[in-house]
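One structure is given below, encoded as structure tokens.
What follows is calculated from the coordinates using simple rules that are stated; it is not laboratory data. Small disclaimer: the values here were computed from a predicted structure and weren't measured. Heads up, the Cβs are rebuilt from the backbone with ideal geometry, glycines too, and the neighbour counts pull from every protein chain shown.
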Amino acid sequence: MDADSETSEGLKYKRVLLKISGEALMGPSDFGIDMPTCLKFAEEIAAAREAGAEICLVIGGGNIFRGMAGAANGMERSQADSMGMLATVMNALAMQSALETIGVQTRVQSGIRMDEICEPFIRRRAIRHMEKGRVVIFAAGTGNPYFTTDTGAALRAAEMHCEAMLKGTQVDGVYSADPKHNPDAVRYDHLTYQDVLARNLRVMDASAVSLMRDTNIPIVVFSLHNKGALQDVLSGKGPSTVISGS
Ligand code: GTP
């Protein structure tokens with residue numbers, strides 16, 4: 001047994017894609033990037049990495065610019081989505097900085113070429129980075145307008161042969177109603193892709209969920225705010241909602 005398989009013993013998922021919303025990086029602020037919050041997430045990722053997981057990241061851009069909001073304000077949609085994709089690059093660079101501050105090796109790969117500041121997305125190279133223990137941060141979504149970062153995350157999870165897509169949110173799973181407003185809301189431990197699509201549960205957008213269904217990659221929804229939650233999810237423990245085929 002090699003060193004890597006020893007350290008990853010006990011992990012339910014060894015290679016995962018972690019999706020974080022841009023808003024999560026705002027921390028207590030109303031806008032932008034809060035570095036202490038980035039560092040908190042970086043520490044969670046570092047601990048999971050040390051436990052033997054191979055991790056790649058997709059971060060949204062809504063803390064800086066939302067393509068949909070730009071389009072709603074009269075901007076041409078493709079143009080607005082390009083600006084949203086640029087926002088995700090800023091977030092990727094901020095998380096790279098946070099991770100490197102605590103000694104985690106990272107690489108940022110962008111779906112839109114901007115060679116002076118990060119690598120272009122090259123699938124086989126990204127896989128090699130992960131095998132070497134680097135955290136790969138995928139920026140600029142799919143590189144195309146009309147897609148969300150959820151869909152970008154689903155696409156990269158499939159391309160990287162991830163065993164799960166972990167969706168870190170403000171609450172610890174998918175609830176029957178908004179738990180912040182309804183005390184009777186219950187958390188589902190398990191849902192099928194079909195449940196999510198047919199009941200229009202707003203976990204991720206439908207194209208991301210259907211891509212996960214087609215590639216049979218489970219989506220695990222969990223809270224980013226509970227310390228150790230990422231490691232728990234990787235070990236199949238802790239509160240979460242698992243969305244899978246059956
Ligand atoms: P190995 O080949 O596994 O050693 O990977 P590596 O990423 O360390 O190799 P490389 O020598 O290609 O990269 C060294 C550094 O340059 C890393 O920090 C990369 O992220 C960075 N780098 C590589 N390609 C590009 C690029 O196209 N643009 C930018 N901005 N940085 C790059």
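What to note about this one:
- For the pair D30 and Q79, label points projected 7 Å from Cα toward Cβ lie 2.7 nm apart.
- Positive-pole candidate from S78, M204, N182, dipole of the chain, charges at beta carbon: S78
- Whole-Å distance, taken between Cα centres, linking the range 199-224 and the range 135-186: 7 Å
- Taken about its Cα centre, the range 3-244 carries a charge dipole of roughly 340 debye when the Cβ of each Lys and Arg holds +1 and the Cβ of each Asp and Glu holds -1.
- Computed FRET value (nearest 0.05) for K12 with M114, which takes r as the C-beta separation and R₀ as 35 Å: 0.45
- Over the chain: Kirkwood hydrodynamic radius from C-alpha pairwise inverse distances, Å: 18.0 Å
- Of R199, R15, R124, the residue with the greatest mean-square motion in the GNM of the chain, using alpha carbon springs below 10 Å, is R199.
- When the Gaussian network model of the chain links Cα atoms closer than 10 Å, the mean-square fluctuations of I45, I102, I59 top out at I102.
- Candidates G62, G74, G32, ranked by Gaussian network fluctuation over the chain, Cα under 10 Å, top entry: G74
- Comparing I64, M35, A153 along the charge dipole axis of the range 34-158, the residue lying farthest to the positive side is A153, per the Cβ-charge model.
- The mean sequence distance of close C-alpha pairs (under 8 Å, at least 6 residues apart), as a share of the length of the chain, puts its relative contact order at 21 percent.
- Each residue of the range 171-180 was assigned a 3J(HN,Hα) from its phi angle through the Karplus curve 6.51 cos²θ - 1.76 cosθ + 1.60 (θ = phi - 60°); the sequence is 10, 8, x, 9, 10, 5, 8, 5, x, 6 Hz, with glycine and proline shown as x.
- The range 26-160 - Rg over Rh from alpha carbon coordinates, Kirkwood radius: 0.97
- Helices in the chain that qualify as membrane-span-like (whole DSSP H runs, Cα extent of at least 30 Å along the helix axis, mean Kyte-Doolittle hydropathy of -1.0 or higher) are 77-101.
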